[in-house]
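*Asks:* Take this structure, written in structure tokens, and hold onto it; I'll ask about it next.
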Amino acid sequence: MSSTETSTMKAVNYQGAFKVKVEDVPKPSIEHPDDVIVKVTTAAICGSDLHMYEGRTGAQAGITFGHENMGIVEELGSGVSLLKKGDRVVMPFNVADGRCRNCEEGKTAFCTGVNPGFAGGAYGYVAMGPYRGGQAQYIRIPFADFNALKLPPGTENEKDFILLADIFPTGWHGVSLSGFKPGETVGVWGAGPVGLMAAYSAVLRGASAVYVVDRVPERLQAAEKIGCIAIDFSKGDAVDQILEKNGGMLDRAVDAVGYQAVVTGGDKEQPNIVLENMIKATRPCGGLGIPGLYVPTDPGAPDEASGKGLISLSFGKLFEKGLSLATGQCNVKQYNRYLRDLIISGKAKPSFVVSHEIGIDDAEVAYEKFDKRIEGYTKVLIHPNGPL
Ligand SMILES: NC(=O)c1ccc[n+]([C@@H]2O[C@H](COP(=O)([O-])OP(=O)(O)OC[C@H]3O[C@@H](n4cnc5c(N)ncnc54)[C@H](O)[C@@H]3O)[C@@H](O)[C@H]2O)c1
Ligand SMILES: [Zn+2]
């Protein structure tokens, strides 16, 4: 390789609303003794990337996307002691220092040491710190001994392991946030990658019935294939359908949609619609888990209040029913080791959500199609250094 080839690499860079471009950027280097450089074998596109892609955030042009990353350790800082060159690793989307109070308590999504003025850091994400994303050929991993999870060598289960960076733990977390116990009934709103992983987690954890609400046929079919009951909200009110099929209210509800939720019978956004559905559909003393994203400001919001992050809720009903509610980003590190071992032992196979595998040059088209949720685009994996 010539020196120019080694000093630059390809990366998927945001250009402005509805536009990403594969550009040549400087290859990352070790900046701190605790860093490693990983050669990316797989990076996934996430529903969360679409909030930026659609121009719904303050993301600046030039940011490299990609917070779901795995690959091979290529270069080590002098302070790294657990990882070795050649290790296959997957990184939580959270960047965490492993030493602040929140990290000490396992709340790595709220690390106070990696992103000044903000609790939480991530790769390739607006407001989440200066960490370049992994939809690129290489990525720098800070606090690498803490942030990289070792995987078995080789290429086996790559499609499952990449999901440990975010959506499998996030789905699992959503179910945990709801207060779920085995034997209970669960409703999951949204059958995107996060919703499908929440539904799959509820199935693995022994739910007596799992209802999955969406309107995209392929996504509802995927939910049915893992043993869930599909609820198509374009065909009528989701709550009415659930109450009828379940013969009453649910024990737990999970919001895997977030603030870009749309109403029945159209494309009009109503940011509180899923939360309102969940309050209605859940039994007194049940619980709501909300991994779906809500933002403090939204330039594309349908009304002034929600543009300021003010989401109105039937709080009186929530109080009357004594519902518990929990939300926030997923502390991936709380779960990823255990979910990895479920994959290794063959007890979990989350890769059923993966719909497309592409080279980095096809990322521009993939973003467009995934954003429109057409042609079955559910979970896209990019192999930036070529097929495995
Ligand atoms: N908490 C975390 O750590 C975390 C991590 C990853 C993603 N997220 C968030 O989770 C959410 C889901 O992510 P995703 O990648 O699956 O997104 P996605 O956009 O692919 O899926 C959302 C799904 O919700 C459906 N939907 C829209 N309105 C609905 C309604 N009223 N009722 C039911 N379904 C409806 C859409 O048809 C779509 O299939 C996003 O808000 C994302 O930002 C949170
Ligand atoms: Zn993600």
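The values are calculated or read from the model by the stated rules, or taken from the named source; none is laboratory data. Just so it is clear, the model here is predicted, and its values are computed rather than measured. Here Cβ is always computed from backbone atoms with ideal geometry, including for glycine, and neighbour counts include all displayed protein chains. When the accessible area is computed, the model is the full protein with side chains, heavy atoms only, and any ligands, DNA or RNA have been set aside. Shrake-Rupley method; radii C 1.70, N 1.55, O 1.52, S 1.80 Å.
*Asks:* Working from the alpha-carbon coordinates of the chain, get Rg over Rh, Rh being the Kirkwood radius.
*Replies:* So for the chain, dividing Rg by the Kirkwood Rh gives 0.96.
*Asks:* Right, something else. When only Cα pairs under 8 Å and 6 or more residues apart are kept, what is the percent relative contact order across the chain?
*Replies:* Rounded, it is 17 percent for the chain.
*Asks:* For K245, list the lysines whose Cα falls under 23 Å from its own Cα; do not include residues on the same chain fewer than 8 positions away.
*Replies:* Counting by Cα, and skipping residues close in sequence, K245 has these lysines nearby: K181, K225, K235, K280, K317, K321.
*Asks:* Any idea of the accessible area per residue across the range 1-84, 1.4 Å probe, to the nearest Å²?
*Replies:* That works out to 42 Å² per residue.
*Asks:* What whole-number distance in Å separates the alpha-carbon centres of the range 185-235 and the range 131-149?
*Replies:* When both Cα centres are located, 32 Å separates them.
*Asks:* Oh, and also: Please list, or write none, the aspartates and glutamates whose alpha carbon is within less than 17 Å of the alpha carbon of K21, excluding same-chain residues fewer than 8 places away.
*Replies:* D49, E54, D361, D362, E364, E368, D371
*Asks:* Can you give the longest stretch of the chain with no exposed loop site, where a site means trypsin sites (Lys or Arg not before Pro) in a DSSP loop (not H, G, I, E or B) with at most 13 other C-beta atoms within 10 Å? If you can, show how the numbers build up before the last one.
*Replies:* Numbers: sites that count: K84, K85, R99, K268, K308, K347.
In the chain, the maximal stretch lacking such sites is 100-267.
*Asks:* Do any chymotrypsin sites (Phe, Trp or Tyr not before Pro) in the range 340-388 lie in a loop, going by DSSP, with at most 11 other beta-carbon atoms within 10 Å of their beta carbon, and if so which?
*Replies:* Sites meeting the loop and neighbour criteria: none at all.
*Asks:* In Å², what does the accessible area per residue of the range 167-327 work out to with a 1.4 Å probe?
*Replies:* Values: 6490 Å² over 161 residues.
With all protein chains present, the range 167-327 gives 40 Å² per residue.
*Asks:* So which of K268/K372; K19/K369; K39/K349; K84/K150 end up more than 18 Å apart, counting from Cα to Cα?
*Replies:* Where the Cα-Cα span goes over 18 Å, the pairs concerned are K39/K349.
*Asks:* May I ask for the equivalent-ellipsoid semi-axes of the range 342-382, computed as the square root of five times each C-alpha gyration tensor eigenvalue and listed largest first in whole Å? Numbers along the way, then the final one.
*Replies:* Values: eigenvalues 123, 28, 6 Å².
Value: 25, 12, 5 Å, ordered largest first.
*Asks:* According to the square roots a ≥ b ≥ c of the eigenvalues of the Cα gyration tensor, what is the shape class of the range 235-336, taking rounded for a/c under 1.5, prolate for a/b larger than b/c otherwise, and oblate for the remainder? Provide the component values of the computation, followed by the final result.
*Replies:* On the way: a/c = 1.60, a/b = 1.17, b/c = 1.37.
It is oblate, given that a/c is not under 1.5 and a/b is not larger than b/c.
*Asks:* Out of the total accessible area of the range 134-292 (probe 1.4 Å, heavy atoms of protein only), what percent is carbon and sulfur?
*Replies:* Solvent-exposed carbon and sulfur of the range 134-292 make up 53 percent of the total.
*Asks:* Based on the Kirkwood radius over alpha-carbon pairs, what value in µm²/s does the Stokes-Einstein equation return for the translational diffusion coefficient of the range 167-327 at 10 °C and 1.306 mPa s?
*Replies:* Values: Rh = 15.3 Å.
Taking Rh from Cα pairs, D becomes 104 µm²/s.
*Asks:* Just add up the charged neighbours of V203: K/R +1, D/E -1, any other residue whose Cβ is under 14 Å from the Cβ of V203.
*Replies:* With Lys, Arg at +1 and Asp, Glu at -1, the neighbours total +3.
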